[in-house]
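Please treat every number below as a calculation from the coordinates, not as lab data. All values reported here derive from a predicted model rather than from experimental measurement. In this analysis, Cβ positions are derived from the backbone assuming ideal geometry, glycine residues included, and neighbour counts consider all displayed protein chains.
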Amino acid sequence: MFSNILVADSDVESRDRFHEILFSMGHKVTCAPNGNEVIVRLEAERPDLLILEYELPSEGSIKTLEKIRKFDQKIKAVVLTKDEPGLEVEKAVKPLGVYAVIKKDFSSHLMFKTILEALSETQEVSQSNKYFYLGKILVVDDVP
């Protein structure tokens, strides 16, 4: 089952790489260069997962997540840091309901392992609630 992912990263090469890898896995990937663009995109669609660079331009991932949490408490988010995440970063994002804080490292499998775990949990929730998302069906028949 594919997921809809929004990647917010200031680095064009990183965004392209995320897009290429996640798209090749069958996911729909949308990219944004800054926090303001993330908010604009969230007004148009709701992704299954947000991948946010910690030092996101315009306001940073913390302020962006604070804005998002005002209108969406449940959207799953992963925050990426350029170095190993420290206690300060973990404390800053914990109240915002972030799934994980991980080092942005394309040379290691750990980053994508965490992203795929977040996606699989999102899909499990969607599957358990699937009857609520199917919509309504009207059956018309002349036999009661």
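In debye to the nearest 20, how big a dipole does the chain give about its Cα centre with +1 on each Lys and Arg Cβ and -1 on each Asp and Glu Cβ?
Working: 19 positive and 24 negative charges, 67 e Å.
Around 320 debye, computed over the chain.
So if each residue of separation counts as 0.36 nm, and I subtract the Cα-Cα distance between Phe112 and Phe2, what length gain in nm does that give?
Working: separation 110, 0.36 × 110 = 39.60 nm, distance 1.52 nm.
Fully extending the segment from Phe112 to Phe2 adds 38.1 nm.
Compute the signed sum of charges (Lys and Arg +1, Asp and Glu -1) over the other residues within less than 9 Å, Cβ to Cβ, of Tyr99. Mind showing how you got there, number by number?
Details: positive: Lys76; negative: Glu117, Glu121.
Charge balance in the 9 Å sphere: -1.
How about the range 65-102: which trypsin sites (Lys or Arg not before Pro) there are in a DSSP loop, with at most 15 other Cβ atoms within 10 Å of their Cβ?
Working: sites: Lys67, Arg69, Lys70, Lys74, Lys76, Lys82, Lys91; in loops: Lys74, Lys82.
Filter output for the range 65-102: Lys74, Lys82.
Ignoring everything except DSSP H segments at least 4 long, calculate the 222 nm mean residue ellipticity for the chain; use -39,500 (n - 2.57) per segment, divide by total residues, nearest 500.
Details: 6 runs with 65 residues, N = 144.
Result for the chain, helices only: -13500 deg cm²/dmol.
Give me the one-decimal Kirkwood hydrodynamic radius in Å for the chain, with the sum taken over alpha-carbon pairs. Numbers along the way, then the final one.
Working: mean 1/r = 0.0619 Å⁻¹.
Mean inverse Cα-Cα distance, inverted, gives 16.1 Å.
Each label point is 7 Å from the Cα along the Cα-to-Cβ direction; what then is the distance between the points at Ser24 and Lys70, in nm?
4.0
From Cα coordinates alone, what are the radius of gyration and Dmax values for the range 38-116 in angstrom?
Using the Cα atoms of the range 38-116, the pair Rg, Dmax is 12.2, 35 Å.
Note the full-extension length gain between Glu45 and Lys94 as 0.36 nm times their separation in residues minus their Cα-Cα distance, in nm to one decimal.
On the way: separation 49, 0.36 × 49 = 17.64 nm, distance 2.46 nm.
Result: 15.2 nm gained on full extension.
Within a Cβ distance under 9 Å of Leu56, other residues only, what is the Lys/Arg minus Asp/Glu net charge? Provide the component values of the computation, followed by the final result.
Numbers: positive: Lys63; negative: Asp9, Glu53, Glu55, Glu59.
Here the charged neighbours net out to -3.
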